[in-house]
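See below for the structure under consideration.
The values are calculated or read from the model by the stated rules, or taken from the named source; none is laboratory data. Not measured: the values here are computed from a predicted model. All Cβ positions, glycine included, derive from the backbone under ideal geometry; neighbour counts span all protein chains shown. The accessibility values were calculated without ligands, DNA or RNA, using every heavy atom of the protein model including side chains. Shrake-Rupley method; radii C 1.70, N 1.55, O 1.52, S 1.80 Å.
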Amino acid sequence: MMIFVPFLVAFVIGVIILLVTWWFKKINLPLFVRIVPGVLTVIAAIILFYIGYVNIRGFEGAAYGILSVFLICFAILSLIMAKKPSKAR
């Protein structure tokens with residue numbers, strides 16, 4: 001339960017981030033705009049990890065840490081997806 005709930009929350013948020021990144025890539029926005037969802041997700045994950053480690057502590061803080069690790073994984077996927085060149089039409 002302690003691993004699955006943060007994973008499911010991160011999975012829902014990560015799928016939304018990946019869809020937004022894919023949509024930005026599909027409409028041929030500049031690279032800066034395409035990497036914004038990934039960068040914002042990394043920033044949010046760092047803040048969540050800090051809050052879980054410093055303020056909350058204990059098992060609930062560990063859940064925040066697990067959530068932040070999964071969010072960083074999805075953010076890395078988003079950044080990789082944003083950096084790949086789109087196919088020419």
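Of note:
- Share of carbon and sulfur in the accessible area of region 1-88 stands at 81%, probe radius 1.4 Å.
- Principal axis analysis of the Cα atoms in the chain yields extents of 52, 22, 13 Å, listed in decreasing size.
- Per residue accessible area of region 1-68, 1.4 Å probe, in Å²: 67
- With both labels modelled 7 Å from their Cα along Cα-to-Cβ, the Phe59 to Lys83 distance reads 3.9 nm.
- C-alpha long axis of helix 58-83 to longest principal axis of the chain, angle in °: 10
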